[in-house]
Structure formats: C-alpha cells, structure tokens
1. Is it the case, given these coordinates, that D:ARG462 is surrounded by fewer than 21 Cβ atoms within 10 Å (Cβ to Cβ) and either more than 14 Å from chain A (Cβ to nearest Cβ) or of a type in the set (Asp, Glu) (or both)?
2. Residue under question is B:GLN163, and the condition is that it be within 14 Å of chain A (Cβ to nearest Cβ), in a helix (DSSP H, G or I) and touching a residue at least 60 places away in the same chain (Cβ under 8 Å); does it hold?
3. Check B:VAL115 against each of (1) more than 29 Å from A:TYR295 (Cα to Cα); (2) more than 9 Å from chain A (Cβ to nearest Cβ) and name the one condition it does not meet.
4. Output the residues belonging to region D:388-415 that are modelled with pLDDT of 90 or more and under 29 Å from D:VAL55 (Cα atoms).
5. I'm trying to understand the selection: among the residues of region A:44-75, which are of a type in the set (A, V, I, L, M) and away from chain D (no Cβ under 12 Å)?
6. Scan region A:10-28 residue by residue and report those that are over 21 Å from A:GLN62 (Cβ atoms), in contact with a helix residue (DSSP H, G or I) (Cβ under 9 Å, 6 or more places away or on another chain) and either more than 10 Å from chain C (Cβ to nearest Cβ) or crowded, with 18+ Cβ neighbours inside 10 Å (or both).
7. Please count how many residues of region B:286-304 are buried (at least 17 other Cβ atoms within 10 Å of the Cβ) and part of a loop (DSSP other than H, G, I, E, B).
8. Going by what's in this entry, would C:ILE112 be described as among the hydrophobic types (A, V, I, L, M, F, W, C), within 14 Å of the chain's Cα centre (by Cα) and more than 11 Å from every other protein chain (Cβ to nearest Cβ)?
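The values are calculated or read from the model by the stated rules, or taken from the named source; none is laboratory data. Computed from a prediction, not measured in an experiment: that's the story for all the values here. Here the Cβ positions follow ideal geometry from the backbone for every residue, glycine too, while neighbour counts run over all protein chains shown.
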Amino acid sequence: MTKYLIKKAGILLASLFIISTLTFFLMHAIPGDPFVQDKAIPEEILKALHKHYGLDQPLYVQYAKYLKGLITWELGPSFKYQGRTVNQIISEGFPVSLVLGVEALFLAVCGGITLGAIASMKHQRWQDQMTMVIAVLGISVPSFIMASFMQYVLAMKLDLLPVARWGSFSQTIMPAISLAALPMAFIARLTRSNMVEVLQQDYIQTAKAKGLNSITILFKHVMRNALLPVVTYLGPLTAAVITGSFAIEKIFGIPGIGQWFVMSITNRDYTVIMGTTIFFSVLLLLCIFIVDLLYCLVDPRIKNPGNESF
Amino acid sequence: MSISILDVKNLNVFFRTQRQRLHAVRGIDFKLHAGETLGIVGESGCGKSAMAKALVQLIPRHHADLSGEIWYGEKNLASYSERQMQTVRGKEIGMIFQDPMTSLNPTMRIGKQIVEGYLRHYPEVSPKSAWSYAIDMLHMVGIPNPEERMLDYPHTLSGGMRQRVMIAIALACKPKLILADEPTTALDVTIQAQILDLMKDIQTKTQTSIVLITHDLSVVAKCCDRVLVMYAGKVVESATVDQLFSNPQHPYTQRLLQAIPRLDKCKTDPLIPIEGTPPNLSLPLASCGFCARCPFAMRICKEQSPPLFHLGEEHLSACFKHDPRMAP
Amino acid sequence: MMEEQALFQPLDRASQLLVEESEVVAPISYWKDAWLRLRSNRSAMFGLITLTILLTLAIFAPLFSHHTYYETQLHLKNESPSATFWFGTDELGRDLFTRCWWGARISLFVGITASLIDLIIGVMFGAFAGFVGGRTEEWMMRIADILYTIPYLLVVILLMVVIGPGIFTIILALTLTGWINMARIVRSQILQLKQLDYVKAATALGASRSRILMYHLIPNAMGPIIVTVTLTIPSAIFAEAFLSFLGLGVQAPIASWGTMANDGLSAMRYYPWRLFFPATLISLTMLSFNLLGDGLRDAFDPRLRR
Amino acid sequence: MKWPVCASLSLMLMASSCQNGGPSSYRPTKQELRLNIHSEPPSLDLRKATDVTSVSVIRMCFEGLVSLDENGMAVPAIAERFEHSDDYTTFTFYLRDAKWSDGQPVTAHDFERTWKTMLLPTFPCEFASDLFILKNGEAAKLGRCSVEEVGVQAVDARTLVVKLDHSVPYFFSLTAVHAFFAVPEHIVSAHPDWADNSTEKFVGNGPFQMKEWRHHNFIEVQKNPHYWDQEKVRLERIFLTLIEDESTELTMFENAELDWAGSPMSTLPIDAMASLKKKQEVTTYPMSGVYYYVFNTKEFPFNNIHIRRAFSLCINRKAIIDNITQSEQVPAMAMIPPTIWKEERRYFQDHDLKEARREFDLGLEELNITLSQFPPITLSFNSASAHHKIAQAIQEQWQRTFGIRIRLENKEWKVFLDEMRHYKFQVARMGGIASFKDPTTFLDFYRYLSSSNNNSQWTNPRFTELLEQSEKIFDQQERTALLMEAEKILIDEMPIAPIYFYTGSYMKKPYVKGVYISDMCDVNFKMAYVETK
C-alpha cells in the first residue's frame, strides 16, 4: 500500500509539473498585459512596473523562479490586488467556496439519488416521467438564470431569504441550490439509468426471493451496484463544486474562490492564474485519486489498487 | 395419500409488452405433496420458469397479470399483496435460480447475503448467532472453510460453490418448499451431480418439498418423484418418474425422451430432434399446441385443445389419442 | 359418428406445413422492432416530434419572417409579443421571433456538433482506456486529467487570437475539454463490464479486441453514455453563451439562444419575454433530447425486449 | 428545490406585472449608510489605486490639501490656506493642525514623502505620470535625477512648497485628486503592508476610518474622531458591500438592504432604466467623461478625413441615448464635456445624413475608389453589454446609410487593449474620464503622435502648437480661446467620433441626505446623514 501511495504521489507531482508548465507558457502566449488599462499609461511607467514584478526577465527565468516559489507553496503577490498574495486569496476564498460546495454537493447527491431512485422504481410510470422532467429542467435551466429567478421570487417577492451576500446560513441557501441543480439533475438521470439496469439483474430477484422488502433491496442491493458511475462523476464534480462558480459568486456577492478562475485570466493576473490553476489541479487529482480508491471499495471485483501486480 | 402442501388451480400468466400480450402460462393445475420432489420439464420458453416465479409473485406486477389460485396450505398466495408475499418468500418458500454467476450480489459478502434473509424473518435472532448459523448452513451445503468464505465476495468462488451458497440462502429460513429454477443448468456435469445429491440429501434431512424446474430429463430421473411435462404454457403430461420414463404417453414426451442420449439404449439408435418451433404465445391457441410438430396429428388436434385424460392414478396426458371417442 | 371419426383422421403432411406457416409470425427485423417500440413510447415520440418541429422552424422560419435578425428599429425596442412581433422585440427593436430561429440554427449546430464530437472522442478514449487497462489506461487517464485542469479560458483566448473568432473556433474550444467527462464515465462502465462472463466468452471465442469493444462493451454502456450526451448538449449551448459574455462567442448581430438568454436575464423583471422565449426553447430542446434519448435506449436495449 | 424550477417558466411572465419593491416601510434608526461598491478595491493604498472603487473608499478615509465645493472651486481642507506665484509654477500650502486617525499630526513631510515615493523609479504606481507636472517629476521616474530634486519641499511641518514643471493654473483643483493625497509616513515606512488589510495600521486623515475589511465581502468604515472637521460629520458608520452584479444590487436596494444603488460607485442595469425612470426614482447628474469611437487614421480608408467625417456625422447619437443608454446623456458634438466648459459647442449636427453622404462621396473620390471597392470595416469593442448594443446600433446606421459592410468584433478586454496599443484596429470604442477638471485632460490625448492615449495616430501641428502655447498663458479667457480652437481642429479632422458625454444615474432612499457628488465622479460622504425616526 505504501508503495502504491508513493507511486500515486509521484504521478500527481509529475502531472502538476506538466500542468504548471503548460499553463505558464499558455498564459504568456496570449496577448494582453496585467497593467494596461483603458487610460493608457506611459511606456516608461509600464516598464518600471514590469521590472518591479520581474516581468522584464526572460520567460524561462520567470518560470524557474515560479517553480521555486511553488515548491515552498509561495505563490507570489497578486498583480491586480496589490498587497494581497495568492496564498491569502486562496486561504480566504477557499473556505467560503468549500462550505457552499459541500452544501451543494450534499443537496446534489442526496437529491439526485433520491430522484433517480424514485424514477427507476417507478420505471416508465408517471413518477418516472415527472422526476425526469424535473431533472431535465435542472440541466437545461442554467444556474445563473435559476439564481436570478430565485433571488427575485424568494428574496424579493416572498422575502424569505436575504438577496445576496455571505455570512449567515440563510444566505447560503439560494447559492447552494443554484450550484446543486445541474449536478443533481445529472446524478438523478445517471442513477435512474443505472438502477433500471441493476433492477433487472438476477441477484435482485434473489434478494426478492429472500423476502426482503423493496426498501431493503433498494439500499442494500441496488444502490451500491448502481452508483458506480455516479462515484466516477463525483470526483471531478467535487473538485469543481468546492472551488465555486463564477456566475453564482457574482450574482450572490460571495467571496469565494470561483470568480478568481475567470477574473485572474481577464485581468492577466499571472500569479493568480498560476496559483488557482495549481490549487484546482491538486484538488482535482486528489478527488480523482480518492474516487479511484472508493471505486475499488464499492466494487470488490475490480482489483484492489493496493495489491495490483502490474 | 399425503397432504398436499401446494395446490395450484387454473394458473394463468400474461406478460404485457408494448405491442402484445403474451399468454405464457395457460391454465395449469397441479398439486404438490409434502416431502415430494416435483419435476417440471419442458423446452425453453414453455412457461415453466414463468410459472415458478408466478407462484411467489416474482413477476413484475406492472408487466404481468396473474390469474388463478395458488393454495399454499390454507393461504391463497394469488390474492396476496406484495407486502404479504414478502413474509412468505424465503421463509415459507425458498428459491434457487439458474445462474449462480449472476444470482449473487457481486458487491456483498457471502455471509451477509445469507444472514440478511434469515434476520429478516427472524428479527429476534441476534446478528451474532445469525452469523454462526450461516456458517453452519455453509457447512451443511458442503463448503470448505465456511468461516473464511463468509467474508468472501461471490466472484472469488467457482460456479458450483456459488450454487451451494444459493442453496444455503434458500434453506436459511427452513422453508417448507423450495422452488429450484434450473439449479444445475449452468454447471458442469460433475458439479451438477454433486448439487443434485446435495439437494436430495438436504431434502431427506429437512423434509422439504421441492419443485425442480429443468429441461434436463436426466435431472428429473435422478431426483424427482413426480413430473409435469409442460409445452406451450400447458401441462401435457403428468406422471410419476417411473411411469414417465417407462411409459411416456404424450407424443411430446415421447419425442423429448427420444431426443436425449441414453446410455442404456443401443448406441446405433439415432437421436431424433423435434422439428419445428413451439407456437407463438401471443396468439390464442384453439388447437393442440404440439400438433404442428406432432407426427400423429389428427384433424381434431387442429381444431380443439385437448384436455388432460386420466390414464392412471397419477398419470395424465393431454392428447386426443387417449380420447375415448377415437376408434380403437 | 362419422363426423367424429373424421376428426380423428391423421393429418397429411401438406396441411401440417400449412398449419406451421400460419402459426409462425413473420419475423421482425431488429431495426423495425426498435422503431416499433420507439413509436409506441409516447414520451419518446413527443421528443422526436418536438425536435423535428424545432429543426424545421430553425431552417424555415427565418425565410418566411417579415423581419431580419439584424434590422434595428430603436423606436420599437422592448415591445411585448404582438401580432407583428410574435415573440416581442429586444432592446434594439429587433424581432425576437426571427432571432430565436436564427439562434436555433447556431445553438443547435453548436450544441449538437460539439456533443457529437465529445461523444465520439470521449467514448473511444474512455472505452479504449478502460478496456486496455494497465499502464496505458493509467497514462491515458492522467492525460485527460491534465487537459481537464489547464485553464480553459486561456486556451479559448489563445484560439480566438490564433484562429480568429467564428463558430468553428467555438466548437473547437468547447470540445477541447468537453469529452473528458464522457471518457471518464465510459471508462468506469467498461471497467465494470469487462468483468462479465460474456466478454470473457467473446474473448475465448477469438473475437478481436475491437469487435469486443464495438459489439459487446460499448452497446452495454449506452445508458450512461446517452445520459451524458444529453448533458453535454445544454452545457455546450451555455458554454457558448458564457464565451459570448467574455467576447469570445459568436459575433453580433448573430445571436444564439445562449446569448439571447444571457441578454434577457437582466431584463427578466422588466421585459420577461426576452428571457422567456430563448430559455423555453432551450429547455424544450433539452427535454426532447432527453426523452428521445431515453426512448432510444429502451428501444435498443435487448434486455427490455419481450 | 423542485418548485422554483417549474415555477421559473410559468412565473416569468407574471414577474413584470407585479412589483411592490419589498418592505418600503424601512426607516433607519442609526446614523448608518449601507452602500454597494460593485467590486473589491484592488488597493486601498492611495499611491497605487487607480480605479473608481478603490478611490471612493480612499476618499472616505483620506483628504487632500484642498477639496472642491459644489461649484468645483478649491476650498481649504488639510491645507488651511494656499497661495500661488503669478506664473502658476510655485504653490504654497499652509497646513492646519490636522491629525491622522491614530492621533499623530499630519505634516507637510507626509505629502512630500508620499509624492516623492510615487516618483521613485522602482515604486509600482500606475498613475505616476499625473505627478509629472511636478518639476523633475518625469526625470525622477525615469531615473535621470534623484527624487530629492523633485519640486516638492516641506519647508517646515506645516508648510509645503510645490514647484511645477510648467505653469498649471488649475493646480489647486488637482490637489483634490487622490494622486496628490498623502499617506502617514510614520506608519508606511514601518509597515509596508499597512493598506492591505483592515488592521489598526490603516490610518487616514479623512472623515472616516477603516473598521473592517473582509476581502470580496464587505468594508465597514466608522467616523474618525481625529478628523479635523469631525463636528460636521454626522454618519457614525458606512457599510459597503462588494457585489458586482448590478441586478443583485438593485434587488437589494428595492428590498431595503441598501440605501443607495447606482452611480458613482456602481451602475444601474440598463434594462431597468425605463421602468425606474417611469417611477421617477432615478437621479441623473452629468459627469466629466466622453464616450467616443476612434478611427485608425494611419490606415485606409480612415486615413481620409472625409470618410472619418462621414462616419461620424452619420451616427444618430440621440437615438442611441434615448433607446440604449437611457440615462439622459448629452449627445457629443464636441470633445470637452459641458461640465468643464459650460459653453454650448456644436461643431456639427447630429445624425446629418445628407452631409454624411456628401462627405462619403467626397472621400471615395479622394481615395479614388467606387462604393463597391470600399472595404468591409471592422468595428472593435470590448465585451460589455452596453458597448455591444451601441456597436450594433451604429453598425446598422452605417450600413444603411452608406451601403457598406461593417463587421463587429467583440473582444476580450485585455486583448482589446493590446490591439489598441498596437494600433491593430480600424474603428474602436473608447471612453475617457477626466482625471482633473481642465480641458487638457482630454486634449492632451492627441497632443503628440507619441502621446500614450493617442490610439488614432492622428497628429496636427497647429493642434500641438495651440496646446503648447496654452501652457504659457495665465489669462483664463485667452487660454480657453486657444484650447477651443484646438478642440475645433480635433473635431473638424475627426480622428475620433464623439458620441455622448457621460452621466451618472443613481437611486437613493429618501432619508439619505447630504451626499455630494462632483462631476469628476467623486462622491463625498463627509456631510451625509440619514433622517432617523
């Protein structure tokens, strides 16, 4: 197992290296300058700024410096938000996104599986159709439309929830729902599709023949087998959801980390681009790794990665 | 004559699909005595599996209709709700299915799969004693190192072992009746024999009645007391094993027997396959279902459906050749 | 008595064959059967018909409209739906009806093409990785992970600068990472399926690897594949809108459903029709694709055939 | 979860008809103002801040040597009194006994050091060029001389003498701009990160002081007890949310979660304008800024003056204002906004199609091409919905009038700027906001070919001469006459097509009083208060 973990960590580091290299050179390949505004600033001041941030050096030198910083997890200062370091930006924004993401994830997984289970148990009957219409709406009504609409109805017309901002639990409800809608719909459909297949398996008949009631069968026999693709989807989903969403954070004024992924690029805030990308990569690769482990736990037929021989 | 544990009257099963309504089981009557092993034979698609599943209502209700009476002791199972049936399944009637490779949940430990049914019907039993009981069950069905196997997942076991586990599951709640739906079909011959021996052995120990569904007449010969031969959703011949093999009456049974290799017959005797296919079950059948394939077919066979004619105390056959109206 | 005796006359061979023929129902081909089953599935037919109508309107409606998608009439801005403007007008006084169907062309084209490309690449990549296994799989999936994490906007901006804006650039941008989700899901299905005996049986029978993949594995992973495809279509439509929002999408005055919904969002409280029509069309399209997808899966699933 | 989704489609139609504006009965009980400033301030260090958001917070916490009154006249602030030499090159400020919010005195040395630091070649200050009017300012930044030679000197703790590079008659009003504020040197020298967070080190000399700054979430300021004029400050607290979405801001305002929505710290959503104006809740005020299109005068066909004039004359400015921007902007037929020059100046007629066609034909003739040879024109703009809409309207107007093809290119912001900087455009959208209240803030864009804001690459010797001349003239009227002639040349040659002069629109709750907004985009909350119950 230790050997396996070391190997996985090695792969993770190699991937990170490739990602950071690609991102670094990609980011410098696109036109635009971090300091150029609509009100033009004189060339000499621009040069002074570049010198101050080390942008006047050749790219490979900048890259070597960056890698050095990366090793010590010193991600450098933001160019746009002066006086704030990328480390600060991540450590302030991520907890917020994490809380929201976990809430959304909980909603998406519980809601999605429940809806999917109902639909598959009542396959091709009205409950099924109804649930799937809801799921389809969840997929096809984008989160930003839903967010604005909820804001209007729930906050303004009914005055049930605060319009926006971050601080209390009630302020997390609407953003969490908007974030959860799409993954929930997708999980519902995935669950349904798999459960319909699992329900046709012989071992479900065996379970019925034992006299188990349908709830027991559902939870003990169907779920575990039907949720494998859902687990697969959950890895990247978790990474994506806990790192927030640009649109939702903008609409609800949430100080999360999601907006930085877009904002840093439109600002050409190089250090933040690198920092957020690498942070996301680490999260994603970890989530995928965990999912791979989970996968083997859920399905004993797949070789236990700890004992793999190849 | 012993008491009958199961009395099926005019059992009909219809499968509904989007295009048609399949009449899979067409008015079957039979009785099963306590401690008896009843074989049900017939080729694939003749409705024997559907009938077995109908007995415990394992056919999805929104896909199938059921009519007739299934008297299990004093209870008419046909009128039972799903919830009521759940108390019967496993506890009163155990089932063994055809394919042990797919009939066990691949993601659940074997022990758990045995224990869960037992605990369901005997909730007062502690999980710990249920566990040791399951080990006993595995021991009884002849699995070596049962304590270790309890923690294994099905994919680590061979087909024969898995079928033994299936039997253990079926027997776990000491049911009075076991429906074994082609229990040996998916197994190779030596394992088949072991499994059949095991079932016989257990039956003598526990006095369970068994309904053994198979298309394999050798299995019938080995285990059964009495046999129903089914064809196109109907019983065409009902007899004791001896009667059936020594004196088959229905032309279908006769052809069936000719179609299997027998060691006691002359090697030069050719095997005769039954030509043609069974009738389409989605259509109403006014004739004898076998008449298109029957070498002895008569005009009446095309026009009427034959009833069961009594040939002896335990021997019935549905063929017009037994019709007393027929000129000798 | 004579009659009765006649009943018991043996049948001759000829009439026996006749019986046989009348008894046997004409066999139905696989495709015809699937079609029949699809046709009897009411919700799938609803999806199919709606999609046909939407496509027909997308192709023909702009031809018959009295308005063009680009003509601005500032004095007629934000008109509510009326006999002249069936869907009302937008903030520049352009006819929303015409724009919706022009948008349909763009959105459906972008959505369907991007999803098809995602589907093909994703399924091939995922199935191959899952099937081959071992080190190759490990490498393939890591490559997918790396692609997935490279900031997508950077790539899109680069593409726009290098290739220039246009619908094919958008499709390229959308498919660049879009297939990865599909690949992951297909891989997980294949991993599961290849444990099954029929695959081993097919291998034992000497079936080639590609044959096993194409005929044994992929068709059985169809459920999740269809579900994923139905997810990629709307996400492509909205990704395109997001790109437009950043100045990387289709160039005005051409509209797409996504950009129209985006524009209409801020007007939701004041001119709701500007959001309602494009949003409804998107949802309707998605609903239809989903219902049809489910219906198709059921129709082609051999296990559901009875 | 389920019902909002289902309801979204059915209720959407109802949404417009029923509006009740949330709990309208809200009345404040404390001297507290709740505002939204649209985005996280990139920096609250006034030596680095460039954007409206940061500056509006900085102006709450800091004050300059002078401030501007309602008429835009310089009045004493940190400086008790001030005087200038006759040639407007030397200015002397006498500071009052003002204190930083930590109780330390505000000295002339603070101003001297702050300005000199900004001019250090190594100091990252994007607007350092604003200080180039100081003697040796530019030379110091370029490293040609030491910053100590820059023309700012604290004679003693309360006297600041400023020497300029050339005469600047409006220099007093410049010192009201944040570029000429001071930072507390006793703090800054010890704590370089003083302005990064809401620590006690964030010390200012303005009416308010920082209480808490949660990045991307909110900023809270409270009354500064050490402020020299603190008896006049009535507000106890200002709470600033940092929400980017305009619709959210408006919803919060209508839901009584904010007391103010819109300019100058944010904007009102365009789509809401018609309905808000109908309810007469919107206040509009003029701003010193102009929205215009730039032609690339070095490239065919806009190297031809008639083509440029034709394109500019064709634009229907009034229709754009009435239908798209909808905030009572003023059609621009000149370069300098009426806030700077009250005089009515119309160098041409709006939407003069006849003249436009004539000029176009003239242009074709001069270029020696026929209409069919006229190339398709690309109109570039950065992606923002307002620019997008205006561009679409103008595209239509040009296409329809001249029968040519106009392509729109919607560009990502930084890509757009990059292309502008490298002159890779034909026609592009631009906007200019005055950095100080003088016509040269705009005219200087085109002073030289090398001027950094001269995207059109236009140059005219007479224009340059006029601007240079104006620096030596101290008589206001004479100077104005010269600059007006320059403006006329600019508009006659049309390297740019002015479209409209900016305005700001806002809504405030009726109980909010005493907020003063200058036409320079500066908002002053010093005298603000709320009418409590």
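1. For D:ARG462, the condition - surrounded by fewer than 21 Cβ atoms within 10 Å (Cβ to Cβ) and either more than 14 Å from chain A (Cβ to nearest Cβ) or of a type in the set (Asp, Glu) (or both) - is met.
2. Considered against the rule, which asks whether it is within 14 Å of chain A (Cβ to nearest Cβ), in a helix (DSSP H, G or I) and touching a residue at least 60 places away in the same chain (Cβ under 8 Å), B:GLN163 comes out as yes.
3. B:VAL115 satisfies all of (1) more than 29 Å from A:TYR295 (Cα to Cα); (2) more than 9 Å from chain A (Cβ to nearest Cβ) except (1).
4. D:ILE390
5. Correct list: A:LEU59, A:VAL61, A:ALA64, A:LEU67, A:LEU70, A:ILE71, A:LEU75.
6. Correct list: A:LEU12, A:SER15.
7. Looking only at that region, the number is 9.
8. Details: among the hydrophobic types (A, V, I, L, M, F, W, C): yes; within 14 Å of the chain's Cα centre (by Cα): yes; more than 11 Å from every other protein chain (Cβ to nearest Cβ): yes.
Yes.
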